[in-house]
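Q: Before anything else, here's the structure in question.
Values in this text are rule-based calculations from the coordinates and carry no lab data. As the structure is a computational prediction, the values presented were derived from the model and not from experiment. Cβ atoms come from the backbone with ideal geometry, glycine included; neighbour counts cover every protein chain shown.
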Ligand code: GLY
C-alpha cells in the first residue's frame, strides 16, 4: 500500500499530545460549567481531503478560528485549483452540514448540482433514428449543465460562515497565482485523458485545452493565471460575479463559440437549494445522507435497511459479497425507475427508505444462487404528479463538532474537456447523468427512466453520497463520502458496514477491499460484479473462485472509490484519506 503522505504523519504524533492536553482541559472545563446541552467540544478539528495542499488550506482556516463550513468553502476553492480534474468552478455537488448547536442534532443538506440549460430538450443526444449519439452528452459544449459550485459555496457560507468570504478564497487565489505542485496521480491521469480527448472524433470536441495547463508538469510548480484572476474576481465581488459578471460573460462567449446551450439567463437564474436529508437507523446508528437529485442517500438507506434484515456476514466472504450483490441489484433497479430531480419528479422517498419495504425486498434475495438481473424489476409505487467517475469528496470536523461532508464533481475526469477561454476553468459533463434514452446505460453504466429524462432547468440524477453516521447515543461518529459514480453508493455502504458490523477502526475500514454491483445485465446477459484488482485490495482467490462458480462475471477495476473520512471517538476526531490515490489529512 502507498504510504499516507508526510503531512499526516507530521501532524499525528504531536497532535496526539495536543489532543491529550486538550482533553484534560475539556474535562476541567466541563467540571466548571461545561458545554451547553447540544454542544460538543473536540480536542481539535481535522480536514481529510483528496489532495494534501487543499487539506492544509482547510487546517489553516480552522487555525484562524474559522468553523468547519469556513474551512469547507476554502478547501472547495483550493481543490478547484489543485484537483482541477474532479472539482472545479465549472461543476457542482452536494454538501451535508452538521451543526451540533442546532435544534434536534440536525443535519442540513445543500444541493448545488448543475441544471440543464433552458434550451435543453429530452432527445438532444439522440440521432434521427432515436439512437443515443456516443459521447455527445460527455465531450461537447452540449455536455455541460449550468455550474452550481460557486452559488453552493456562497449558500453554505451565508448560512454558517464566520470568516469573511474573501479570506476563504485567498488561499485558492494564491495557489493558482503562485503555483502548486502537481502530484504523480494527477499527472498520470492528465496523460491518460489528454490522449483520450485527442482521439475523439472531430465532430465532438473541437477545443481540447486542459492539457495545455497540465501536460508534462508532474512535480513542477504549476501556475494557472486565468483561474487566479477568476477566483480573485469572485473573492472581491461574491458569487454574483460568476453568474452575472465578467466570468458569466466569458462562459457565455465560450458557449456561443462552439454551440453550447448555457445562456446569461441560465446563469442568472441558477440557485443552490437546501433540502431535507434522508435519515435511517442502521443497527441502532443514525445514518444521514443526501436526498434527490442525488440517488446516493436513498440508495444507501435502502441498501443498509435490507442488509440489516440479515445477520452480519463474515467480511469479504463469498457469502457476504453475494448477499450484497443481491441487495444492490434491487437498489439499482429502484434507482433506475424511481429517482430523479425532486423539482420535476415525485421520488417515493418514504416508501423506498421504509423498513417494511426493505423486508419485502430482502425476502426476494436468493441466498444460495444468483437472481438473474434480467428478472429483477423495480418495486412498485403509485405515481404522483409529473413524473468517474472523477468526483471529489472531503470531510471536515471543527473543534466544536460542526462537520461538513462535501462531494463535488465535473462528472467524468476533466469534465467535457472545454476550458472557458480567459477564465481558466473546465466545464462539467453532467448532462450525461441524465437518461438520454430510457434503458440505455450512460457512461457510468446506469440506466434511467422518465424520472431522469432531460428537461430544461432540471438537475440530472447523481450517485454522490456525502454521509454522516451518529452513534446510538446521538453523538456524531463518522463523516464520509467518495467519488466513483454509482460505485460511490457501494463504497460508502461498505465502509459503514466495516465500522458498524465489523468493528473496524476507520483506517482499516477505508483500506479494506471493495466490490460493486449495479444491477443491469450486460448486453451479453452477464451478471457483472466489479472487484478491485490492485494487489493490496484484491479479494482472496478462493472467494473469487466461489463467486465465479455462483455465476458472476468478475470484472476487475484497479481500485474503487477514494474515501476521505473523519471518525470521532472519545472526543478525538481522526481523519483518514484513501491510500488508493494521493490525499492528505491536516490538523489545525
Ligand atoms: N456525476 C456522477 C454523479 O453525480 O453520480
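Q: At 222 nm, what value in deg cm²/dmol follows for the chain if DSSP H runs of at least 4 each add -39500 (n - 2.57) and the sum is divided by all its residues, to the nearest 500?
A: -11000 deg cm²/dmol
Q: Where in region 314-328 is the amide nitrogen less than 16 Å from a point lying 7 Å along the Cα-to-Cβ axis of residue 542?
A: Only 314-321 fall inside the zone, counting backbone N under 16 Å.
Q: Apply the Debye scattering formula to the chain, with a single equal point scatterer on each alpha-carbon and no solvent, then give log10 I(q)/I(0) at q = 0.09, 0.10, 0.11 Å⁻¹.
A: Treating every Cα as an identical point scatterer, log10 I(q)/I(0) equals -0.63, -0.79, -0.98.
Q: Rank-order 441-452, 415-426 by packing density, defined as the average count of other C-beta atoms within 10 Å over each peptide's residues, highest first. Mind showing how you got there, number by number?
A: On the way: 441-452: 20.8, 415-426: 25.3.
Listed from highest to lowest mean packing, they are 415-426, 441-452.
Q: Decide, for region 376-490, between rounded, prolate and oblate: order the square roots of the alpha carbon gyration tensor eigenvalues as a ≥ b ≥ c, take rounded if a/c falls under 1.5, and otherwise choose prolate if a/b is larger than b/c, else oblate.
A: Working: a/c = 2.22, a/b = 1.19, b/c = 1.86.
Note, shape of region 376-490 comes out oblate.
Q: Going by how many other Cβ atoms sit within 10 Å of their own, how do 432, 129 line up, fewest first?
A: 129, 432
Q: Expressed as a whole percent, how much of the Cα-Cα distance distribution for region 60-188 exceeds 20 Å?
A: More than 20 Å apart: 57 percent of the Cα pairs in region 60-188.
Q: Output the peptides 505-512, 187-194 sorted from most to least packed, where packing is the average of other Cβ atoms within 10 Å over each peptide's residues. Write out the running numbers ahead of the final one.
A: Details: 505-512: 18.9, 187-194: 17.0.
Result, highest mean first: 505-512, 187-194.
Q: Continuing with the same structure: Specify whether the C-alpha gyration tensor of region 278-404 places it in the rounded, prolate or oblate class, a ≥ b ≥ c being the square roots of the eigenvalues: rounded for a/c under 1.5, otherwise prolate if a/b is larger than b/c and oblate if not.
A: Oblate is the answer for region 278-404, as a/c is 1.5 or above yet b/c matches or exceeds a/b.
Q: If each of residue 264 and residue 63 carries a label point 7 Å out from its Cα toward its Cβ, how far apart are those two points in nm?
A: Label at residue 264, label at residue 63, 4.4 nm between them.
Q: May I ask you to work out the translational diffusion coefficient for region 224-334 at 20 °C, viscosity 1.002 mPa s, via Stokes-Einstein with Rh from the Kirkwood sum over Cα pairs, reported in whole µm²/s?
A: 118
Q: Okay, next question. For region 134-185, rounded, prolate or oblate, judged on the Cα gyration tensor with a ≥ b ≥ c (square roots of eigenvalues), a/c < 1.5 rounded, else prolate if a/b > b/c?
A: Oblate is the answer for region 134-185, as a/c is 1.5 or above yet b/c matches or exceeds a/b.
Q: Viscosity 1.306 mPa s, temperature 10 °C: give me the Stokes-Einstein translational D for region 472-588 in µm²/s, with Rh taken as the Kirkwood radius over C-alpha pairs.
A: 103
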